[in-house]
Amino acid sequence: MKIHEHQARQILHDAGVPVPPGVVIESIEAAAGAYKQVVSDAGLGEKGLAVVKAQVHAGGRGKAGFVKLVRSAEEATDAARFMLSNRMVSPQTGAEGLDVRKLLIAAGVDIAKEYYLAITTDRATRRNVLIASSEGGVEIEQVAEDKPDAILKEPIHPTMGLQAHQARRLAFKLGFTGKQVNEATKIMLALARVYDERDCSLAEINPLIVTPPTDEHPDGRVMAIDAKFSFDENAMFRQKAIADMFDPTEENPSELRAHKFGLSYIAMDGNIGCLVNGAGLAMSTMDIIKHHGGEPANFLDVGGGASEEAVTEGFRIILSDQAVKGVLVNIFGGIMRCDVIAQAIVNAAKEVGFKVPLVVRLEGTNVESGRKILEDAKSSIPTMQAALDLEDAAKKVTAAIAS
């Protein structure tokens, strides 16, 4: 589960990480007041620097024009008008872009140096790992590819957690000096604590910054000015405060609809819909469709005990995608008997009303009975074909949409 930047900043603030003041708005009219509040809270004066940021679950905001620096209430209002009146289009949104419903107006800070800091799980070592770089504020994936030595990693003990000496050593390696070392160490320890306590799958600060020296802070200050968090959805039963941060307007409507019926659905860019029981089988199904020249339109796992209601809803979700020109159903009857699922498929197909080719492959318990049910239903579902195996199914569905 993802949350917005302003929510991530609040989590960091609550954990003791220094974050510039910010206000979230949902209307153009609120921009001027929000600007005045944040520059006042930060002690920046009447024409202080602030930043207006679109709150969407996608990157590339700056290049798309949805992060703007402003120095007056009028400029903040103009920025808000642009962002709330236009869809944001970036490499991560696709050509259709995203509606912007919320903006973060935050106090600006002078930046002397930017860093990257994150915690995630290293599947190879089966441990959480603290990742850091002295080259923050840019595409960290590109840094990792071009300059792998610039990425530092510190494994976190599964029971003892991140130790102070580890964080301190990493702070020195990153080039922090003077009081910056203690400030950076505290931030790393706080981030590790949040990651563990909130059941995160990713906790990222990018950039973590050092401000220029001042009389009050001769070594500058270490602060977080942007953050991203993702959480383990399986842990939301014990993370009510996090679950309450979920924003359904940022999710694919079909994926939300599928979730209500216990289905795992992910939309893709192809034209062959897939309805499969089992995540591994679903991925194999998409692979073999690609192998035979087709393009899968989705990942859809109905689970091992798919009900007729779930299968029917799965068909509805697949066919709601106007790009779908054919559907492949691939069922292995282990827990679920093939005759039961075959009848569910037939009933669901009749209810939904198929106008595109439907290819069904069944294997497993009571497979012969299931195939007979499909054969008997051919006259009422003329677009349906039965397949003997997965390769046969992939060939048939790709041929059907090509004809």
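Points worth noting:
- Mean separation of Cα contacts under 8 Å (6+ apart) over length of segment 153-258, as relative contact order %: 20 percent
- Gap separating the Cα centres of segment 126-184 and segment 329-397, nearest whole Å: 52 Å
- At most 14 other Cβ within 10 Å, DSSP loop - chymotrypsin sites (Phe, Trp or Tyr not before Pro), segment 278-384: none
- At full extension, GLN92 and MET160 could sit 20.8 nm farther apart than now, given 0.36 nm per residue minus the alpha carbon distance.
- For segment 274-375: rounded, prolate or oblate by the Cα gyration tensor [a/c cutoff 1.5]: oblate
- With R₀ set to 45 Å, the beta-carbon distance separating SER72 from ASP122 gives a calculated FRET efficiency near 0.45.
- Difference of contour (0.36 nm per residue) and Cα-Cα distance, ASN347 to ASP392: 13.8 nm
- Set of aspartates and glutamates with alpha-carbon distance to LYS47 below 17 Å, sequence-local pairs under 8 removed: GLU74, GLU75, ASP78, ASP110
- Against the main long axis of the alpha-carbon atoms of the chain, helix 308-319 sits at an angle near 70°.
- Sum of -39500 (n - 2.57) over DSSP H runs of 4+, divided by residues of the chain (222 nm, nearest 500): -11000 deg cm²/dmol
- For the peptides 373-383, 173-183, the ranking by mean Cβ contacts within 10 Å, running from highest to lowest, is 173-183, 373-383.
- With a Förster radius of 45 Å applied to the C-beta separation of SER369 and ASP287, the computed FRET efficiency comes to 0.95.
- FRET efficiency estimate (nearest 0.05) - Cβ-Cβ, LYS378 to LYS147, R0 51 angstrom: 0.25
- Between ASP215 and ARG193, the contour length at 0.36 nm per residue exceeds the Cα-Cα span by 4.7 nm.
- Cross-link pairs exceeding 27 Å between alpha carbons, from the set LYS63/LYS240; LYS153/LYS240; LYS147/LYS173: LYS63/LYS240; LYS153/LYS240.
- Cβ-defined net charge surrounding THR211, 14 Å radius [Lys, Arg +1; Asp, Glu -1]: -3
- Between the labelled values (1) -0.34, -0.57, -0.99; (2) -0.25, -0.45, -1.02; (3) -0.20, -0.36, -0.87, the entry that holds log10 I(q)/I(0) by the Debye sum over Cα atoms at q = 0.06, 0.08, 0.12 Å⁻¹ as derived from this structure is (1).
- Under 22 Å from LYS179, Cα to Cα: lysines that are on another chain or at least 8 residues apart: LYS113
No lab work stands behind these numbers, since they all come straight from the coordinates. Just so it is clear, the model here is predicted, and its values are computed rather than measured. Heads up, the Cβs are rebuilt from the backbone with ideal geometry, glycines too, and the neighbour counts pull from every protein chain shown.
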